[in-house]
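Accompanying notes for the structure given below.
The values are calculated or read from the model by the stated rules, or taken from the named source; none is laboratory data. Everything quoted here is computed from the prediction, not taken from an experiment. Note that each Cβ is placed from the backbone with ideal geometry, even for glycine, and that neighbours are counted across all protein chains shown.
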Amino acid sequence: MLDAYVAFRSNWQRDQNSSRTRNIRISDMERIKKDVADLFNDVFTERLEAAGYEVVNYTDEDVLVLRPAILDLDITSPDMRSTGGRSRVYSVATSAATLLLELIDSASGQIIGRGVDRRSGGRTGGFATASNRVTNTVNARREFGAWADKLIEFLDAHYVKVDED
């Protein structure tokens, strides 16, 4: 599995900064993208291995390369790790992202399949709920897990696991 590529939705930084007292910097966005990519890779690896798939870092005849991209990332209430004072953020809106996942034959480099799915996380039911690093991570982990489960369903239907030969 390649590291997930992450891109925010168009004008996300501008929109966030228009309603905040502490602006989001490019360095904040880079940190968030890295955190999201790391969490995505961790969740997918955990789920795939739990389902009996071996995640490796080499190419071979029976190896698929997963090339994930998380696009249009829209975190409605990012936790900016402020240093001064206590503050809480509450949000009614939910975060969202689109996954583009390509399955590639590792030996030939041929794209075998491509899937796209948009998900919104953190259902609030119209009520304002606290939003912070922990709740954002829990919501992202749940949505990434749902994507991993869809991939596993596909793999189970179309491929034979090595230990099942």
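When the residues of the range 36-78 are filtered to those that are closer than 30 Å to Q13 by Cβ and among the acidic types (D, E), the one that is surrounded by the most Cβ atoms within 10 Å (Cβ to Cβ) is D74. When residues of the range 68-124 are filtered for being modelled with pLDDT under 90, part of a loop (DSSP other than H, G, I, E, B) and not acidic (D, E), how many remain? Summing the residues that are modelled with pLDDT under 90, part of a loop (DSSP other than H, G, I, E, B) and not acidic (D, E) in the range 68-124 gives 21. Go through (1) at pLDDT below 95; (2) part of a helix (DSSP H, G or I) one by one and return the number of the condition I152 breaks. Single failed check for I152: (1).
Would you please list the contacts, defined by Cβ atoms under 7 Å and residues six or more apart or on different chains, that run from a residue in the range 31-58 that is closer than 15 Å to V6 by Cα and at pLDDT 95 or above to a residue that is of a type in the set (S, T, Y) and part of a helix (DSSP H, G or I)? Every condition considered, the pairs that remain are L39/T137. Any residue at all in the range 125-132 that is surrounded by 15 or more Cβ atoms within 10 Å (Cβ to Cβ), assigned to a strand (DSSP E or B) and at pLDDT below 95? Within the range 125-132 (the criterion being surrounded by 15 or more Cβ atoms within 10 Å (Cβ to Cβ), assigned to a strand (DSSP E or B) and at pLDDT below 95), the answer is yes, since at least one residue qualifies.
Against the numbered list (1) under 24 Å from Q110 (Cα atoms); (2) touching a residue at least 12 places away in the same chain (Cβ under 8 Å); (3) not acidic (D, E), L73 comes up short only at (1). Looking across the range 8-30 at every residue that is in contact (Cβ under 8 Å) with a residue 60 or more places away in the chain and in contact with a strand residue (DSSP E or B) (Cβ under 7 Å, 6 or more places away or on another chain), the one that is farthest from E153 (Cα to Cα) is identified as W12.
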